[in-house]
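The values are calculated or read from the model by the stated rules, or taken from the named source; none is laboratory data. None of these values were measured; they are calculated from a predicted model. Please note: Cβ atoms are built from the backbone with ideal geometry, for glycine as well, and neighbour counts cover all protein chains shown. These accessible areas exclude ligands, DNA and RNA; they are computed on the full protein's heavy atoms, side chains included. Shrake-Rupley method; radii C 1.70, N 1.55, O 1.52, S 1.80 Å.
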Amino acid sequence: ASGDRNVKLEPKIRISPLTSAIPAIPLDAIAPLLTTGRIVAEDTLDFAPYILAGTSDRLLFGPGDEFYARGENWSTGTSVFDLFRKGQVYVDPETEEILGYEAREVGTATVEDRNGDVYTLTLTAVKEDVRIGDRLLPTEERRVESTFFPASPKQDIEGVIMTVLGGVTQVGRNDVVAVNRGTNDGVDVGDVLAIYKSGKIVRDRIARDKVQLPPERAGLLMLFRTFDKMSYGLVLQTEEPLRVGDNVRNP
(Lines give C-alpha, C1' and ligand atoms only; values in the text may rest on other atoms or scores of the structure.)
Protein backbone atom coordinates (compact mmCIF):
# COMPACT_ATOMS: atom_id res chain seq x y z
CA ALA A 1 0.00 0.00 0.00
CA SER A 2 0.95 3.60 -0.26
CA GLY A 3 1.60 3.72 3.45
CA ASP A 4 4.38 1.20 3.02
CA ARG A 5 6.21 3.59 0.72
CA ASN A 6 6.17 6.51 3.15
CA VAL A 7 9.29 5.53 5.02
CA LYS A 8 10.82 8.23 7.16
CA LEU A 9 14.56 8.38 6.56
CA GLU A 10 16.69 9.09 9.60
CA PRO A 11 20.28 10.31 9.21
CA LYS A 12 22.77 7.74 10.40
CA ILE A 13 26.52 7.77 10.89
CA ARG A 14 28.22 5.00 8.99
CA ILE A 15 30.84 3.47 11.24
CA SER A 16 33.53 1.15 9.91
CA PRO A 17 36.01 -0.25 12.44
CA LEU A 18 39.49 1.13 11.81
CA THR A 19 41.16 -2.18 12.49
CA SER A 20 39.13 -3.91 9.79
CA ALA A 21 39.82 -1.11 7.31
CA ILE A 22 43.59 -1.37 7.79
CA PRO A 23 45.08 -4.87 8.13
CA ALA A 24 48.04 -5.65 10.37
CA ILE A 25 51.30 -4.51 8.79
CA PRO A 26 54.35 -6.84 8.98
CA LEU A 27 57.52 -4.97 9.88
CA ASP A 28 59.56 -6.58 7.11
CA ALA A 29 57.09 -5.28 4.53
CA ILE A 30 57.81 -1.66 5.40
CA ALA A 31 61.22 -1.84 7.12
CA PRO A 32 63.06 -0.17 4.19
CA LEU A 33 60.72 2.81 4.53
CA LEU A 34 61.25 3.36 8.24
CA THR A 35 63.89 5.70 9.58
CA THR A 36 66.20 4.42 12.27
CA GLY A 37 67.32 7.85 13.37
CA ARG A 38 66.91 9.04 16.94
CA ILE A 39 65.64 12.18 18.56
CA VAL A 40 68.21 13.29 21.13
CA ALA A 41 69.05 16.21 23.41
CA GLU A 42 70.86 19.21 21.97
CA ASP A 43 74.36 18.25 23.12
CA THR A 44 74.13 14.43 22.89
CA LEU A 45 76.16 14.15 19.69
CA ASP A 46 78.57 16.91 20.65
CA PHE A 47 79.77 14.86 23.63
CA ALA A 48 79.69 11.45 21.92
CA PRO A 49 82.86 9.67 20.68
CA TYR A 50 83.73 10.38 17.05
CA ILE A 51 85.56 8.72 14.15
CA LEU A 52 89.17 9.89 14.33
CA ALA A 53 90.78 8.15 11.35
CA GLY A 54 90.77 5.01 9.30
CA THR A 55 93.35 2.25 9.50
CA SER A 56 94.09 3.23 5.89
CA ASP A 57 94.07 6.74 4.41
CA ARG A 58 90.37 6.62 3.51
CA LEU A 59 88.05 9.53 4.21
CA LEU A 60 84.90 7.47 3.59
CA PHE A 61 84.26 4.02 5.01
CA GLY A 62 82.29 0.97 3.88
CA PRO A 63 81.33 -2.40 5.38
CA GLY A 64 84.35 -4.33 6.64
CA ASP A 65 86.58 -1.24 7.00
CA GLU A 66 88.37 -0.68 10.27
CA PHE A 67 88.64 2.76 11.85
CA TYR A 68 89.74 4.49 15.04
CA ALA A 69 87.31 6.45 17.21
CA ARG A 70 88.10 8.67 20.16
CA GLY A 71 86.06 10.04 23.02
CA GLU A 72 85.61 10.45 26.75
CA ASN A 73 82.02 9.24 27.03
CA TRP A 74 82.36 5.64 25.92
CA SER A 75 79.70 3.22 27.11
CA THR A 76 81.88 0.34 28.30
CA GLY A 77 78.94 -2.03 28.63
CA THR A 78 78.48 -2.51 24.89
CA SER A 79 80.59 -3.64 21.96
CA VAL A 80 78.16 -2.47 19.26
CA PHE A 81 77.78 1.19 18.35
CA ASP A 82 75.58 3.00 15.86
CA LEU A 83 77.10 5.86 13.87
CA PHE A 84 75.28 9.15 13.62
CA ARG A 85 75.41 12.54 11.95
CA LYS A 86 73.52 15.66 12.97
CA GLY A 87 70.21 15.99 11.21
CA GLN A 88 67.24 18.28 11.48
CA VAL A 89 66.22 20.39 14.46
CA TYR A 90 62.48 19.85 14.97
CA VAL A 91 60.56 22.95 15.99
CA ASP A 92 56.86 22.85 16.80
CA PRO A 93 55.19 25.04 14.15
CA GLU A 94 52.39 25.86 16.59
CA THR A 95 54.38 26.80 19.72
CA GLU A 96 57.92 27.23 18.31
CA GLU A 97 59.20 24.92 21.05
CA ILE A 98 62.19 22.77 20.09
CA LEU A 99 60.87 19.20 20.20
CA GLY A 100 64.13 17.39 19.55
CA TYR A 101 67.34 17.10 17.59
CA GLU A 102 67.59 14.44 14.91
CA ALA A 103 70.56 12.08 14.99
CA ARG A 104 70.61 10.51 11.53
CA GLU A 105 71.95 6.96 11.60
CA VAL A 106 74.60 6.27 8.95
CA GLY A 107 75.98 2.87 10.03
CA THR A 108 76.82 0.29 12.69
CA ALA A 109 80.20 -0.86 14.00
CA THR A 110 81.62 -3.36 16.51
CA VAL A 111 84.54 -2.83 18.89
CA GLU A 112 87.74 -4.79 18.12
CA ASP A 113 90.20 -3.22 20.55
CA ARG A 114 90.65 -0.44 23.09
CA ASN A 115 93.67 1.70 23.90
CA GLY A 116 92.84 4.38 26.44
CA ASP A 117 90.25 6.71 24.91
CA VAL A 118 90.87 5.39 21.39
CA TYR A 119 88.86 2.41 20.20
CA THR A 120 89.37 0.30 17.09
CA LEU A 121 86.12 -0.71 15.41
CA THR A 122 84.96 -2.54 12.30
CA LEU A 123 82.13 -1.11 10.26
CA THR A 124 79.50 -3.84 9.88
CA ALA A 125 76.67 -2.02 8.07
CA VAL A 126 76.09 1.32 6.36
CA LYS A 127 73.01 3.33 5.42
CA GLU A 128 75.03 6.06 3.70
CA ASP A 129 78.69 7.05 3.45
CA VAL A 130 80.42 6.96 6.83
CA ARG A 131 82.95 9.77 7.36
CA ILE A 132 85.60 11.02 9.73
CA GLY A 133 83.83 13.04 12.42
CA ASP A 134 80.68 10.90 12.55
CA ARG A 135 79.55 10.23 16.12
CA LEU A 136 79.06 6.94 17.98
CA LEU A 137 76.25 6.05 20.37
CA PRO A 138 75.58 2.66 21.96
CA THR A 139 73.11 0.58 19.98
CA GLU A 140 69.73 1.38 21.44
CA GLU A 141 67.71 -1.37 23.02
CA ARG A 142 64.11 -0.49 22.32
CA ARG A 143 60.85 -2.21 21.69
CA VAL A 144 60.88 -3.59 18.16
CA GLU A 145 57.50 -4.43 16.72
CA SER A 146 57.46 -7.42 14.37
CA THR A 147 53.93 -6.53 13.33
CA PHE A 148 52.05 -3.25 13.67
CA PHE A 149 48.36 -3.43 14.58
CA PRO A 150 46.84 -0.09 13.58
CA ALA A 151 44.39 1.37 16.09
CA SER A 152 42.86 4.71 17.03
CA PRO A 153 44.64 6.72 19.74
CA LYS A 154 43.24 6.19 23.21
CA GLN A 155 42.63 9.93 23.60
CA ASP A 156 41.96 12.92 21.39
CA ILE A 157 45.04 14.00 19.46
CA GLU A 158 45.49 17.02 17.22
CA GLY A 159 48.77 18.04 15.61
CA VAL A 160 50.50 18.88 12.36
CA ILE A 161 52.93 17.29 9.93
CA MET A 162 56.25 19.08 10.58
CA THR A 163 58.31 17.59 7.79
CA VAL A 164 58.64 14.74 5.31
CA LEU A 165 61.85 12.77 5.65
CA GLY A 166 63.82 13.01 2.45
CA GLY A 167 63.70 16.77 2.08
CA VAL A 168 60.50 17.13 0.07
CA THR A 169 57.37 19.12 0.88
CA GLN A 170 54.75 17.01 -0.89
CA VAL A 171 53.36 14.11 1.16
CA GLY A 172 52.49 10.81 -0.54
CA ARG A 173 51.73 7.20 0.26
CA ASN A 174 54.60 5.36 2.02
CA ASP A 175 56.32 8.63 2.93
CA VAL A 176 57.72 8.96 6.45
CA VAL A 177 56.67 12.16 8.22
CA ALA A 178 57.41 13.81 11.56
CA VAL A 179 54.42 14.83 13.69
CA ASN A 180 54.52 17.27 16.61
CA ARG A 181 52.91 14.88 19.11
CA GLY A 182 54.64 12.23 21.22
CA THR A 183 54.27 9.98 24.23
CA ASN A 184 53.83 13.01 26.50
CA ASP A 185 50.64 13.69 24.54
CA GLY A 186 49.39 10.12 24.86
CA VAL A 187 50.25 8.63 21.47
CA ASP A 188 51.74 5.17 21.04
CA VAL A 189 53.30 2.99 18.35
CA GLY A 190 50.59 1.75 15.98
CA ASP A 191 48.28 4.71 16.51
CA VAL A 192 46.56 5.83 13.32
CA LEU A 193 45.78 9.49 12.64
CA ALA A 194 43.70 11.00 9.87
CA ILE A 195 45.41 13.68 7.78
CA TYR A 196 43.34 16.78 7.05
CA LYS A 197 44.19 19.11 4.22
CA SER A 198 43.82 22.81 5.02
CA GLY A 199 40.72 24.31 3.46
CA LYS A 200 41.13 26.70 0.56
CA ILE A 201 40.56 30.42 0.92
CA VAL A 202 37.81 31.45 -1.50
CA ARG A 203 36.26 34.77 -2.38
CA ASP A 204 32.63 35.16 -1.38
CA ARG A 205 31.10 37.04 -4.31
CA ILE A 206 27.93 37.81 -2.35
CA ALA A 207 29.41 39.06 0.93
CA ARG A 208 32.47 40.44 -0.89
CA ASP A 209 35.01 38.98 1.50
CA LYS A 210 37.26 35.94 1.75
CA VAL A 211 36.39 32.74 3.58
CA GLN A 212 38.55 29.80 4.55
CA LEU A 213 36.79 26.53 3.82
CA PRO A 214 36.79 23.74 6.43
CA PRO A 215 39.66 21.23 6.37
CA GLU A 216 39.09 18.08 4.32
CA ARG A 217 40.13 14.58 5.33
CA ALA A 218 42.63 13.41 2.74
CA GLY A 219 44.68 10.51 4.13
CA LEU A 220 45.81 8.28 6.98
CA LEU A 221 49.13 7.74 8.72
CA MET A 222 50.37 5.29 11.34
CA LEU A 223 52.88 6.22 14.04
CA PHE A 224 55.73 3.69 14.12
CA ARG A 225 58.29 5.43 16.34
CA THR A 226 57.42 7.69 19.25
CA PHE A 227 59.51 10.07 21.34
CA ASP A 228 58.60 12.34 24.25
CA LYS A 229 57.39 15.30 22.20
CA MET A 230 57.17 14.06 18.59
CA SER A 231 56.75 10.93 16.48
CA TYR A 232 57.56 9.44 13.10
CA GLY A 233 54.62 8.23 11.04
CA LEU A 234 54.16 6.23 7.84
CA VAL A 235 51.57 7.54 5.38
CA LEU A 236 49.21 4.65 4.65
CA GLN A 237 46.69 6.33 2.38
CA THR A 238 46.40 9.58 0.45
CA GLU A 239 43.30 10.60 -1.44
CA GLU A 240 44.78 13.81 -2.82
CA PRO A 241 48.10 15.68 -2.62
CA LEU A 242 49.15 16.62 0.91
CA ARG A 243 51.77 19.01 2.23
CA VAL A 244 53.90 19.81 5.27
CA GLY A 245 51.69 21.78 7.67
CA ASP A 246 48.56 19.69 7.13
CA ASN A 247 46.74 18.69 10.30
CA VAL A 248 46.48 15.25 11.88
CA ARG A 249 43.82 14.09 14.33
CA ASN A 250 41.86 11.05 15.47
CA PRO A 251 40.31 9.21 12.52
Q: Report the extension gain between ASN250 and ARG173 in nm, rounded to one decimal, defined as 0.36 nm multiplied by the number of residues separating them, less their alpha carbon distance.
A: 25.9 nm
**Q.** Efficiency of FRET between GLU42 and GLU94 - r from beta-carbon atoms, R0 22 angstrom, step 0.05
**A.** 0.60
Q: Give the carbon-plus-sulfur fraction of the accessible surface of the range 65-191 in %, rounded to a whole number; probe 1.4 Å, heavy atoms of protein chains only.
A: 42
Q: Determine, for each peptide in 77-86, 178-187, the mean count of other beta carbons within 10 angstrom over its residues, then list the peptides with the highest first.
A: 178-187, 77-86
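So which GluC sites (Glu not before Pro) in the range 85-120 are both in a DSSP loop and have at most 13 other Cβ atoms within 10 Å of their Cβ? Write down the numbers at each step before the final one.
Values: sites: GLU94, GLU96, GLU97, GLU102, GLU105, GLU112; in loops: GLU94, GLU96, GLU97.
Those that pass, being in a loop and sparsely packed, are GLU94, GLU96, GLU97.
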Q | Accessible area (Å², per residue) of the range 56-160, counting only protein heavy atoms and a probe of 1.4 Å | A | 59
**Q.** In order through the range 114-129: 3J(HN,Hα) via Karplus (6.51 cos²θ - 1.76 cosθ + 1.60), integer Hz, x for Gly, Pro
**A.** 9, 9, x, 8, 10, 10, 9, 10, 10, 6, 9, 7, 10, 10, 7, 4
Q) Residue-wise, which Karplus ³J(HN,Hα) couplings in Hz belong to the range 233-248, taking 6.51 cos²θ - 1.76 cosθ + 1.60, θ = phi - 60°, and x for glycine or proline? A) x, 9, 6, 8, 9, 9, 9, 7, x, 10, 9, 4, x, 5, 7, 10
Q) What FRET efficiency, computed as 1/(1 + (r/R0)^6) with R0 = 35 Å and r the Cβ-Cβ distance, is obtained for GLU239 and THR183, rounded to the nearest 0.05? A) 0.75
Q. For the range 112-251, how big is the tail of P(r) above 19 Å, as a whole percent of Cα pairs?
A. 61
**Q.** Amide H contacts of GLY107 (H built 1.01 Å from N, under 5 Å, at least 5 apart or other chain)
**A.** LEU83, LYS127
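Can you pull out the GluC sites (Glu not before Pro) in the range 141-228 that DSSP calls coil and that have at most 12 other Cβ atoms within 10 Å? Can you show the working numbers first?
Details: sites: GLU141, GLU145, GLU158, GLU216; in loops: GLU141, GLU145.
Passing both the DSSP loop test and the Cβ count: GLU141.
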Q | Amide H within-cut-off set for ASP175, under 5 Å, with H built and near neighbours excluded | A | VAL235
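Can you list which of the trypsin sites (Lys or Arg not before Pro) found in the range 87-129 are DSSP loop residues with at most 15 other C-beta atoms within 10 Å? Mind dumping the intermediate values first?
On the way: sites: ARG104, ARG114, LYS127; in loops: LYS127.
Here the sparse-neighbourhood loop sites are LYS127.
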